[in-house]
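Heads up: the structure comes next, in structure tokens.
Readers should treat all values here as calculations from the given coordinates under stated rules, not as data from a laboratory. Just so it is clear, the structure is predicted and the values come from calculations on it, not from any experiment. So basically every Cβ, Gly included, is an ideal-geometry build from the backbone, and we count neighbours across all protein chains shown.
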Amino acid sequence: MKIIDIIDKKKKGLELSKEEIHYFVNEYTNGNIPDYQASALLMAMFINKMTPNETANLTLAMAYSGQTLDLSDIEGVKVDKHSTGGVGDKVSLVVAPIVASCGIPVAKMSGRGLGFTGGTIDKLESIEGFKTDMTIDEFKSYVKNHGIVISGQTDELAPADKKIYALRDVTSTVDDISLIAASIMSKKIASGADAIVLDIKVGSGAFMKTIEDAEILAKTMVSIGNSLNRTTICIISSMDEPLGFGIGNIIEVREAIEVLKGNGPKDLVEVCLTISSIMVYLGKKSNSIEEAREIVLKSINDGSAYKKFREWIECQKGKLSVIDNISEYRKASNIDIFVAKEEGYISSINAQEIGKVAMLLGAGRETKESIIDPSVGLIFEKKVSDYVRAGDVICQIHHNNYGNIDMIMEHLNKNINISKQKQTKSELIYKIIK
Ligand code: URA
């Protein structure tokens, strides 16, 4: 088999066979296909789209490109969760300890920021000492002993995703239904979960821009999961404006802690409660999602969720003194404010562009080599449909002597709109697909 023939076939829009897809994934993972040929094939897949068969074969080839975890010796239904990525999406930091505190083992592999979206691993690494890089044995021992682990992508589990994910990020081939489905589901299958909850974000700050596309992605992933005996449920949730108030790594950790302590912004709390409840239900701790919600609320209200969060941070070597002093930890040296120019109601906050602003400040990567600044980002004081008077603060800009703050202000001005009429917010959770 030759990679050039496979590229040529996909360029002509023909369906690739299982053998051709496995050849590409294995040879690229092993370093025998160069990035330029892999990029050409990814772009051909992106432009000509893949059939359900091709998507399923790509997922399996990626899932089995390294080792797969067998968690059957750990008691209970192991439930995993993944989001397709958004702006201000710190949901994993909240739901993992909630669900673990309800007695369901959470074994999760997460990613770094992708494009304008933030990544759970970057957020966790803003806590001094927190270790996301680990061996399979360490991963298993965390789940066994503490009922919770979140690791980064590894060279052992789904290594093909680690390589292809990084290449997609820099070749404009991220926002494709088949490539996203294969990337997410390969990680979930390799990391051994029995049940999977997927949060498919839709809107300006998501890779899926329409509910129709989000639904196709949901159905694709549910069908792959169920065909491999992993019960899979998707929620489709709004990413038209950033989720919660904060965007930026340590800023998002602070907000996640607020939710675990029973506070936090309404939209973020609602998404966290919905996902945790589905996970608790899939973990067989309740007879219905509604009953699971009561269990989840109790674990937040009686402090068990936050207690589990502290245990988790400590077991993955994060410093608890940081958590206990989080409001003062890693504060940026400068805070500027962006204010309303006129009176009215906020009609839109373009989440994708806000994600790019956070990236420019240093919260995300412009190139593969960029180093993240954990302290910088944005904190909104107003959200869509809120009333503002001229001069009211809409958001704070946390930065470390950023050189061109006027450009940041201009960008915010273009992407936060005010109208005289109050806008109804888009729905937060559009659909649940089983
Ligand atoms: N998250 C992933 O893990 N992969 C994607 O392709 C997009 C979001």
Subject >> Peptides 281-289, 70-78 ordered by average Cβ neighbours within 10 Å, highest first >> reply: 281-289, 70-78
Original post:
Which whole-Hz couplings ³J(HN,Hα) result when phi for each residue of segment 374-384 is put into the Karplus expression 6.51 cos²θ - 1.76 cosθ + 1.60, θ = phi - 60°, listed in order with x for Gly and Pro?
Top reply: x, 8, 8, x, 10, 10, 7, 10, 10, 10, 4
Subject >> Relative contact order (%) - criterion: Cα under 8 Å, at least six apart; region: segment 79-324 >> reply: 30 percent
Subject >> Convex hull of Cα atoms in the chain, direction-averaged projection (nm²) >> reply: 20.0 nm²
Original post:
Sequence-distant or interchain residues sharing an amide H contact under 5 Å with Thr231, placed H: which?
Top reply: Ile196
Original post:
Which peptide among 425-432, 347-354 comes first, and what is the full order, when sorted by highest mean count of other Cβ atoms within 10 Å?
Top reply: 347-354, 425-432
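Give the calculated FRET efficiency between Met1 and Cys315 to the nearest 0.05, with a Förster radius of 60 Å applied to their Cβ-Cβ distance.
Computed FRET efficiency for Met1 and Cys315: 0.85.
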Original post:
What shape does segment 143-223 have by the C-alpha gyration tensor, where a ≥ b ≥ c are the square roots of the eigenvalues, rounded means a/c under 1.5, and otherwise prolate means a/b greater than b/c and oblate the rest?
Top reply: oblate
**OP:** Determine ³J(HN,Hα), in whole Hz, for all residues of segment 200-216 in sequence, where each value follows from phi through the Karplus function 6.51 cos²θ - 1.76 cosθ + 1.60 and θ = phi - 60°; x replaces Gly and Pro.
**Re:** 9, 7, 9, x, 4, x, 10, 6, 8, 9, 10, 5, 4, 5, 4, 5, 5
Original post:
When each pair of different Cα atoms in segment 331-419 is counted once in the 1/r mean, what is the Kirkwood radius in angstroms, to one decimal?
Top reply: 13.4 Å
Original post:
Using modelled amide H (1.01 Å from N, peptide plane; none on Pro or chain starts), what sits under 5 Å from the amide H of Val339, excluding residues fewer than 5 places away?
Top reply: Ile394
Original post:
What does a probe at Ile432 reach in segment 100-133, counting residues whose amide N is under 14 Å from the point 7 Å along Cα→Cβ?
Top reply: none
Original post:
Between Glu291 and Asp406, what length comes free when the chain is fully extended (0.36 nm per residue of separation minus the Cα-Cα distance, one decimal in nm)?
Top reply: 36.4 nm
Subject >> Where labels lie 7 Å past Cα in the beta-carbon direction, separation of Asp336 and Asp8 in nm >> reply: 5.5 nm
Subject >> Within-12-Å neighbourhood charge of Pro374 [Cβ basis; K, R +1; D, E -1] >> reply: -1
Original post:
When the Karplus curve 6.51 cos²θ - 1.76 cosθ + 1.60 is applied with θ = phi - 60°, which whole-Hz ³J(HN,Hα) does each residue of segment 402-417 get, with x for Gly and Pro?
Top reply: 4, x, 10, 5, 4, 5, 4, 4, 5, 5, 5, 4, 6, 10, 10, 10
Original post:
For Arg293, what charge total do you get from the other residues with a beta carbon under 13 Å from its beta carbon, if Lys and Arg give +1 and Asp and Glu give -1?
Top reply: -2
Subject >> Neighbourhood charge, 9 Å Cβ-Cβ cut-off, centred on Ile275 and excluding it, Lys, Arg +1 and Asp, Glu -1 >> reply: 0
Subject >> Highest-first arrangement of 236-244, 186-194, where packing means the average Cβ count within 10 Å >> reply: 236-244, 186-194
Subject >> Given Lys219/Lys356; Lys18/Lys434; Lys78/Lys307, the pairs whose alpha carbons are separated by over 24 Å >> reply: Lys219/Lys356; Lys18/Lys434
